[in-house]
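Notes follow once the structure below has been shown.
The values are calculated or read from the model by the stated rules, or taken from the named source; none is laboratory data. Note that the structure is predicted; figures quoted are calculated from it, not measured. Cβ: placed from backbone, ideal geometry, glycine included. Neighbour counts: every protein chain shown.
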Amino acid sequence: MKIRDVWGVIPTGTNEPRDWRTSMAQYVAVVETDDGVLGTGVGGGGPVALHIIDSVLRDVLVGRDPRDFEANWDAMYRATHHFGRKGLAVMALSGIDLALWDVLGKAENKPVYELLGGLKHDRVPAYASLGATVGDEVERGFRHIKLHMPNVKEHPNEIVQLVRAGREKIGPDVPLYLDPAARWTWSDCEYLFEALAPFDIGWIEEPLLADELDGHRSLRERFTIPVSGGEHEFTIWGYREILAKQAMDVWQPDASWVGGMTTMRQIFELGQANGIWVVPHRGSEVWGLHAIFGLSDRPLAETGRPWVTWVQGTPTVEDGWVAPPTGPGFGVTFDDALLARPSRGKPSRA
């Protein structure tokens with residue numbers, strides 16, 4: 001089996017946010033083999049990713065064996081190294097790597113989690129990833145809640161009041177996580193990590209910029225609330241640096257950005273060997289969900305993006321739990337029209 005063609009397409013969902021999360025953070029990668037298997041994966045980079053595929057990665061991969069994940073990943077990384085290493089180039093190759101895993105799953109009629117070593121859980125708990133306030137999620141069965149925190153406007157006590165309201169709404173027994181999305185300053189963090197300790201917070205996610213690993217380590221050393229992050233980190237080398245800096249208690253790689261399933265497997269292995277809890281970003285979307293079912297020893301899946309209506313067959317959260325995907329590969333489908341091969345100036349080499 002050989003790779004015959006590789007391309008990408010830009011999906012459009014409903015109620016999409018008009019910001020980088022759609023314009024720069026998603027595209028669908030398609031890998032076609034010489035025996036007609038189509039593998040699909042979702043990566044990041046938007047139109048930039050399509051340009052990287054058409055100008056670099058397609059020529060790297062055509063004619064190669066799609067089953068050689070490590071070698072194919074290395075070839076893509078080396079081909080983009082001088083302008084990549086992190087960011088959009090790695091987000092682009094992530095989608096292709098996922099599509100290659102999908103190819104093998106379909107060729108062998110196995111779910112991706114079987115390729116990763118087998119199903120480890122009959123179902124996994126999900127956490128509701130919300131805005132700054134809680135609705136009826138506990139009544140709908142969720143037993144884990146995450147709130148996204150806003151910028152501090154005048155005083156960080158504004159955040160304390162939001163968290164107090166959230167904790168009172170869900171009660172004392174439901175784990176509560178917070179995600180400032182790198183919006184807080186160091187002085188905000190000094191105040192809030194102390195002031196929020198009485199609310200039994202499961203983790204605070206990327207309170208500082210992702211690059212501030214020393215700052216995250218300092219928060220871990222000085223305060224009791226666990227620090228999480230990593231959704232904006234790339235490749236196993238990035239996670240080795242997080243480990244070396246002892247920057248985070250919880251790792252949150254995003255399969256569609258970090259380097260695909262090949263990198264996810266490496267991160268789980270590294271994290272588990274060092275006692276790190278690995279909780280994939282957007283874990284209830286199938287790209288992270290298969291990693292959870294096949295690799296996680298402490299499963300927890302974040303609810304997905306509601307505007308991703310162009311992926312069909314994603315398992316739904318029922319009473320706070322997610323069942324394993326069914327079907328070969330990642331077990332999802334797309335409209336044929338979305339996956340249509342684009343017209344190109346140069347033909348495939350195979």
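Figures for the structure shown
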read-out: Output for region 189-206, where each listed residue is of a type in the set (A, V, I, L, M, F, W, C) and either surrounded by 16 or more Cβ atoms within 10 Å (Cβ to Cβ) or touching a strand residue (DSSP E or B) at 6+ places or on another chain (Cβ under 7 Å) (or both); value: CYS189, LEU192, PHE193, LEU196, PHE199, ILE201, TRP203, ILE204
read-out: Of the criteria (1) without any contact (Cβ under 8 Å) to a residue 40 or more places away in the chain; (2) outside any strand (DSSP E or B); (3) surrounded by 17 or more Cβ atoms within 10 Å (Cβ to Cβ), which one ALA165 fails; value: (3)
read-out: Selection within region 81-103 - under 22 Å from the mean Cα position of the chain (by Cα) and surrounded by fewer than 20 Cβ atoms within 10 Å (Cβ to Cβ); value: HIS81, ARG85, LYS86, GLY87
read-out: Residues of region 173-187 satisfying the condition of being within 16 Å of ASN157 (Cα to Cα) and either surrounded by fewer than 21 Cβ atoms within 10 Å (Cβ to Cβ) or of a type in the set (A, V, I, L, M) (or both); value: LEU178, ARG183, THR185, TRP186, SER187
read-out: Selection count, region 273-308, where residues are under 25 Å from PRO11 (Cα atoms) and of a type in the set (Phe, Trp, Tyr); value: 2
read-out: Residues being in contact with a helix residue (DSSP H, G or I) (Cβ under 7 Å, 6 or more places away or on another chain) and part of a strand (DSSP E or B) - total across region 205-228; value: 1
read-out: Selection count, region 280-312, where residues are surrounded by fewer than 20 Cβ atoms within 10 Å (Cβ to Cβ), without any contact (Cβ under 8 Å) to a residue 40 or more places away in the chain and either in the same structural domain as VAL30 (by TED's automatic domain parsing) or under 26 Å from ASP19 (Cα atoms) (or both); value: 1
read-out: Residues (in a strand (DSSP E or B) and surrounded by 22 or more Cβ atoms within 10 Å (Cβ to Cβ)) located in region 130-145; value: ILE145
read-out: Candidates GLY8, GLY87 - the one that is in the same structural domain as VAL103 (by TED's automatic domain parsing), closer than 19 Å to VAL258 by Cα and in contact with a helix residue (DSSP H, G or I) (Cβ under 7 Å, 6 or more places away or on another chain); value: GLY8
read-out: Residues being over 16 Å from ARG298 (Cβ atoms) and either among the small types (Gly, Ala, Ser) or surrounded by fewer than 24 Cβ atoms within 10 Å (Cβ to Cβ) (or both) - total across region 250-261; value: 4
read-out: Residue match in region 329-346 (condition: surrounded by fewer than 16 Cβ atoms within 10 Å (Cβ to Cβ), farther than 17 Å from LYS120 by Cβ, without any contact (Cβ under 8 Å) to a residue 40 or more places away in the chain and basic (Lys, Arg)); value: yes
read-out: Test: residue in region 211-226 that is among the aliphatic types (A, V, I, L, M), surrounded by fewer than 19 Cβ atoms within 10 Å (Cβ to Cβ) and under 23 Å from the mean Cα position of the chain (by Cα); value: no
read-out: Scan of region 34-49 for residues that are of a type in the set (Val, Ile, Thr) and either surrounded by fewer than 22 Cβ atoms within 10 Å (Cβ to Cβ) or free of Cβ contacts under 8 Å to residues at least 40 places away in the same chain (or both), ordered by number; value: VAL37, VAL48
read-out: Filtered residue count, region 168-207, keeping only those that are of a type in the set (D, E, K, R) and in contact with an Asp or Glu (Cβ under 8 Å, 6 or more places away or on another chain); value: 3
